[in-house]
Every structure is written in structure tokens, then in C-alpha cells.
Amino acid sequence: MMCKNTSIILLLNLLTYFSGISGFAPSLCLRQKGTHTKYHVGTTSLNAENKDPTTSSSSSSSLYQDIPKKKPWTFGILTSGFPPQQILVPVVKFVTFQVWRLMMNELVTHDEQGRFVRESFQAGNDPSPLELPNSSDSGESYSRYKIYLGNPCPWCHRVKAAMAVLNLEGEIPVTMLIDDAEKASKGGWILPTPSTDDRKANIAEELITGDLAGVYNYCYRDILEEGEKYKGRCTAPLLVDTTTGTIVTNESNEIMILLNDYARRLPDHESVDLRPIGREEELDDATKHWFDLLWNGSYKCGFATSQVAYDEAASDVLKGLNEMNEVLASRPYLLGEDVSEVDLKGWSLVMITHTL
């Protein structure tokens, strides 16, 4: 019930803000014939035959608080009864839902039934294998590539996991993006303070300062008109060739394939082979299967703007989780006895979903 719950939560927050309900709770009085015993539940007084009427307990034992002398100003809509609650609540629910749906449609693409549609914002086209690093005149070795990753993104997590498993964390520089939509000119990613290594590598300023939108603008500088900015979505993960100042690819699957090939060709480099030669079709079929059911299915749940769309996506996600659980109950990895790129893709999505 994601869609309905979201609108209700927003509604309650809005109503609570405007109503200013605070500090009101009636006492419960019980009287016994003949004894005139009176109990004030949750107050500071207790009167009985053998008690002094002025005797009271400490104020710290009270369940309630006094109305503060200074409190936020309110319209008093709910307490006044105008407009009637039967009209107010449906109107606020309708307006809140329409604003929320408009924001969701601005954020991502949907079909007429409110289903999330994942568009392709892929930059680069069938990239060539990455070049191995060359030593500089000083004898230091610098990679010509840089990867931009963001912690909140599971598509970035799979790339980061691949780099760790392939033992490439010291081979290709990584810029960990900061999620700050207030400072970003577009999207939500801004760049951290440039590292010493970035300065030593003589990388273009646009690739190490500002935000991710600035990186995209710079990489498309030869295509855009003067003063024009990149109009597509500025997504991560992003693999950039810092020597030419161009995008290699921003598609996580392609980045993982390129990284695995890169690690395989590095001299004297020991790592796991996440994409064994001869099993490419099997790996790609498995990726498509789990993507449709589970990985993209979770996004379809989160971005659904109708109950029907949410229920459909949720059914696929639950089916995918159950199926994955059954597969892993009979073998250590999704495709057999050895870890592969498919395992890292599944792990990154399941882990971040579990955390949320």
C-alpha cells in the first residue's frame, strides 16, 4: 500500500502542522457513592476520606504537560470545525497526492498507469577495452581513467564491489560523490575537495571540482553549442577518460565488464575472474532475468504512482527474492560454485534494500 500510505503520511504531517493540537487531555473522574472518593487519572491531585484535599503528588508524576505560554501560531482549523472535517480531509488528501505525483513524474518517467519506465541515459557506445597505465617521466604510474561513484546508489555499489573483488582499488582512481541536491546545479551529486593525486595527475579542473553536472558538461563540450549545457540526466556510476576528457560509459554493466577485462590484462595481477571467457551469454541472460524481476523491480515499487503499478512490481520483487533464496539454498553462488558478476549485482541491490 505504498502509494496510499505515502499520501496519508504527508496528509497527517500537513494536518498536524496546521492544527497545532497540544497539551489537551481530559481528566477521568470516578466517584463512589458515600465515600466521595475522586481520582484524577494522570493529574497531580488525589482526594480521599483520609487525605487532606490540598495534598498532591509531585508534578513530575503527571502524564501530561501544561500548555506552553509560547507555542506556534495556528489557524485552529480542526478545533473550530470550519471548514468541516468531512470536506477538509478529502481536499487535503487530493491536493497532497497530486503534488506528490507531479514530483514523481518530474523525477522519473512513468506510463499512463503509473508504472516506472527506466529510460536509457547511456553515454558512450560499445567502448573499447581500457588502456593499461603508463609511467610518467618521474617514474610514477597514473591511470588515465576515473570512476565517479555515490554511496546511496546500488548501481554504484556493484561497481565498487567489483573493484574490491578485482583488486583494482589502487589501480583506477575513484571519486566518491556527495549527495547534496541543494548545492548541485543539476541532479543531486557534487564532487568532494580534489585530492593530492588529482592535482598531480594534471586533470582538467571541471573533472575534479563542482558537481557531476559540470563533469557531463565538460565531457560533451565538443558536441554542445557555446554556452549550452548537457540536457540529459547526470547519472552515476560514470567512467571517464581524463586524458581526452570524454565519457567512456555510464552503464554499470559495461563498467563491470571493462574492469574485469582490465584486471585480467594487468601484468602480475591476481584477482577473481567475474566474467569467464565462454560464459558471457549465460551471464548476460542471468543479468536480464534478475534485473527484470528484482533489481529494477524494486525501483518500480519505489517510483510507482498508482496502487496497480505498485502491486505488480511488488509481486515481481517477492517472486525474485523467493527464487533467489531457493537457488542459493542449493549452491553457494547464483550460477554455480564460483562467484561471478551476477552475484555482485544481486548482492548490492539486496543489501541496500535490506538496509532501507
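The values are calculated or read from the model by the stated rules, or taken from the named source; none is laboratory data. These numbers come from a predicted model, not from an experiment. A quick note on method: Cβ atoms are made from the backbone with ideal geometry, for glycine too, and the neighbour counts reach across all protein chains shown. SASA here: full protein model, heavy atoms, side chains in, ligands and nucleic acids out. Shrake-Rupley method; radii C 1.70, N 1.55, O 1.52, S 1.80 Å.
Write out, first by first residue and then by second, each pair whose Cβ atoms fall under 8 Å of each other, whose residues are 6+ apart or on separate chains, and whose first residue, in the range 268-288, is closer than 17 Å to G346 by Cα and among the small types (G, A, S) while the second is modelled with pLDDT of 95 or more and in a helix (DSSP H, G or I).
A286/V342
On the basis of being surrounded by 14 or more Cβ atoms within 10 Å (Cβ to Cβ) and not hydrophobic (A, V, I, L, M, F, W, C), does R331 make the cut?
no
All but one of (1) small (G, A, S); (2) under 20 Å from the mean Cα position of the chain (by Cα); (3) on the phi > 0 side of the Ramachandran plot hold for G336, so report the exception by its number.
Failing condition for G336: (2).
Does the range 213-226 include one or more residues that are among the charged types (D, E, K, R) and surrounded by 16 or more Cβ atoms within 10 Å (Cβ to Cβ)?
no
Which residues, taken from the range 176-197, are touching a Ser or Thr at 6+ places or on another chain (Cβ under 8 Å) and over 20 Å from G232 (Cβ atoms)?
Hits for the range 176-197 are P192, P194.
Given the options D285, D292, name the one that is within 30 Å of M104 (Cβ to Cβ) and out of contact with any helix residue (DSSP H, G or I) (no Cβ under 7 Å at 6 or more places or on another chain).
After ruling out the rest, the residue left standing is D292.
Of (1) out of contact with any helix residue (DSSP H, G or I) (no Cβ under 9 Å at 6 or more places or on another chain); (2) of a type in the set (K, R); (3) under 30 Å from E106 (Cα atoms), K300 satisfies all except one. Which?
Only one criterion in (1) out of contact with any helix residue (DSSP H, G or I) (no Cβ under 9 Å at 6 or more places or on another chain); (2) of a type in the set (K, R); (3) under 30 Å from E106 (Cα atoms) is unmet by K300, namely (1).
Could you tell me which numbered condition W295 fails, if it satisfies all but one of (1) touching a residue at least 40 places away in the same chain (Cβ under 8 Å); (2) more than 28 Å from R101 (Cα to Cα); (3) open to solvent by less than 30 Å² (accessible area, probe 1.4 Å); (4) out of contact with any Phe, Trp or Tyr (no Cβ under 7 Å at 6 or more places or on another chain)?
(2)
From the set of residues in the range 227-244 that are in contact with a strand residue (DSSP E or B) (Cβ under 9 Å, 6 or more places away or on another chain) and over 19 Å from D179 (Cα atoms), which is surrounded by the most Cβ atoms within 10 Å (Cβ to Cβ)?
Per the criteria, the residue is V240.
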